[in-house]
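Heads up, the thing below is written out as structure tokens.
The values are calculated or read from the model by the stated rules, or taken from the named source; none is laboratory data. Since the structure is predicted, the reported quantities are computational estimates derived from the model, not experimental observations. As a convention, Cβ positions derive from the backbone with ideal geometry for all residues, glycine included, and neighbour counts pool all protein chains shown. Ligands, DNA and RNA are stripped out before the accessible areas are found, and what is left, the full protein with its side chains, is counted by its heavy atoms. Shrake-Rupley method; radii C 1.70, N 1.55, O 1.52, S 1.80 Å.
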Amino acid sequence: MDEFQGYEESEMYKKGPPCTLRKLGDMIPARVVLYLLSFSGFLVSFMMRTDINIAMVAMAKLPSTSDNDVAVTSHCYTIVNASHTENTTVIRPEEAGEFTWSPAIQSAILSSFYWCYILSQMIGGVLTQYFGTKTIFGGSQVVTAVCSLLMPSAAEIHYGAMIALRSIQGIASGLTWPAMYAVIGHWIPPVERSRFMSSFQGFSIGIGLTYPLCAFIIAHFGWRTVFYTTGSIGLIWCIFWYFCAFDTPASHPRISQPELRYIQEGVRNQVLGSNQDLPVPWKSILTSWPAWSIGVTTFGRIWVHYVFIIPGPMYMKTVLGFSIQANGILSGAPFICSYLSSVVFCYVADVLVTRQIMTLLTVRKIFTALSQVVPGILVILIGYLGCDIILVLVVWFIAVTLITAGYAGAMANIVDIAPNFAGPVLAFAQTIHMTASFLSPIAAGLLTQESQSLDAWRNVFAVTAGVSCITYIAYQVFGSADIQAWNYPDQKYPQSVQEDSRPLNESPRKKSRIVPSQAEQT
């Protein structure tokens, strides 16, 4: 961190010409601008993908039922007359619904995003290598925003049109993560990467804001305004991205020379200039145990995460008995707290590495365990706390907060093992672990389809805990922090690669090394 401190104390910060808007902009490090763009980009992206979760409540009519037999002993509230309660308490004018869509149709509309989202991960890694992060990330946001603006018209035409738009959104949004990962290796020195990874938690703020914001909009302006709002925000963000984002520090027209030298010195032993023309070593990636371990372990974390995101609000409604307004606030609040926790986790991880308190691999494994093993255990506790509402909410908040530790763990490990191909490696890992984004809600639905009782939800939480803990074993056994040999095509290593930053891999007592690929070992 001495180099970073030296940069911060350069003459450009000690004295300068009279302050103008341009000079003020020049004083903001380009890395900070990239952080803000990454944070706000993921915030907007997740607003546009999750707005429909709450809008669906007001769009679809509830199915009529004549079954008044309710197992009140399995819930935390008493229903005197089910049909009467539904007609006077649960259904409000803004929630009555316009479309007669069965639960199966609603599920198809919501899940169509994630099916296509997974399919576009590998494509995103390839496209980013050829066209760069600025084009791919920005283009994906434009497409997603336009689809949001068209969603109300599509709903009036046919639910199939909504499925088509959601599928297009899924394809476009699937490009965002590989695109942003690809730019980190060029812009962010190793000692700052954990902190930069906290910018990805913009999605937590996006989710946290979307639920209460959409509930407010629906109550006052109707569900159509939800899509017009999120789509417009997306397009406005794209304007800032177009003028402020650049693929490499060297291509940035306003970056200061001290910052440019600092970045180039920090990453010179890991990346080979512009990697847009480098052939992606897919065979090596597909046979890499460290890459597989990241994908498998993160599958468990995503499983836990999406239990809170999608079926979680249903648990709050059917078991805890919260109204939709309270549900929106309580469902969203933990994700806002998640961003703050991610900043803390990533900062602590950087401190542990840069001060050589722990090796990088140890830090990655500890924070990965915090992000999925501990939350997996806590979800079981939620089920057995029953109707102790306050304690349930406290544990709920803690579990969602700990999930963000993964961004200082396995998620940051992607850049550690392949800074030149972080985008393609992320695409590969995302293809594996994002399957949990739809498998987790499906499993919850199957386990609760006959009853929304507390016992049924305990089964959901038990399965969640099993998946999160078992998948972590793969990372504990096969995880690595060494740069893989296939990160350098044709073994063309950067100059002095063997003198790479010590914090990136091991302590001073053990020199960093490049691990040969499995093909080279055989």
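If you add up the charges near Val319, with Lys and Arg at +1 and Asp and Glu at -1, over every other residue whose beta carbon is less than 13 angstrom from its beta carbon, what do you get? The partial results should precede the final answer.
Values: positive: Lys317, Arg458; negative: Asp388, Asp455.
Local charge sum for Val319: 0.
Count charges around Thr404 for me, please; just the other residues with Cβ under 14 Å from its Cβ, Lys/Arg as +1, Asp/Glu as -1.
Neighbour charge sum, excluding Thr404 itself: +2.
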The range 176-241 versus the range 118-159: alpha-carbon centroid distance in Å
14
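Can you figure out the FRET efficiency of Ile380 with Met56, using R₀ = 22 Å and their beta-carbon distance, to the nearest 0.05? Kindly include the intermediate steps, with their values, before the conclusion.
On the way: r = 29 Å, r/R0 = 1.31.
Calculated transfer efficiency: 0.15.
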Find which of Phe428, Asn487, Phe299 sits farthest along the positive direction of the dipole of the range 288-488, computed with +1 on the beta-carbon of Lys and Arg, -1 on that of Asp and Glu, about the Cα centre.
Asn487
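Just add up the charged neighbours of Tyr35: K/R +1, D/E -1, any other residue whose Cβ is under 12 Å from the Cβ of Tyr35.
Working: positive: Arg31, Arg193, Arg195; negative: Glu192.
Neighbourhood net charge equals +2.
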Regression test value, accessible area per residue of the range 156-296, probe 1.4 Å, units Å², expected 37
Phi-derived 3J(HN,Hα) across the range 431-437 with the Karplus relation (6.51, -1.76, 1.60, θ = phi - 60°), rounded Hz, x for Gly and Pro, is 4, 6, 7, 6, 4, 5, 5
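Only four residue types carry charge here, +1 at the Cβ of Lys and Arg and -1 at the Cβ of Asp and Glu. Report the dipole size of the range 288-488 about the Cα centre in Debye, rounded to the nearest 20. Don't skip to the answer; put the middle values down first.
On the way: 6 positive and 6 negative charges, 22 e Å.
Value, rounded to 20: 100 debye.
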Ignoring ligands, DNA and RNA, what percent of the accessible area of the range 218-266 is carbon or sulfur (1.4 Å)?
66
Phi to ³J(HN,Hα) by Karplus 6.51 cos²θ - 1.76 cosθ + 1.60 over the range 124-131, Hz, x for Gly, Pro
x, x, 5, 4, 5, 4, 8, 10
So if each residue of separation counts as 0.36 nm, and I subtract the Cα-Cα distance between Ile329 and Ser251, what length gain in nm does that give?
23.8 nm
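Could you please state how large a percent of the accessible area of the range 288-488 is carbon and sulfur, counting protein chains only and using a 1.4 Å probe? Don't skip to the answer; put the middle values down first.
On the way: 4620 of 6240 Å².
After summing per-atom areas, the C and S share lands at 74 percent.
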What is the Rg over Rh value, at two decimals, for the range 288-488, using alpha-carbon atoms and the Kirkwood definition of Rh?
1.01
With the crude spin-label approximation of a point 7 Å out along Cα→Cβ, what separation in nm comes out for Ser153 versus Tyr242?
2.0
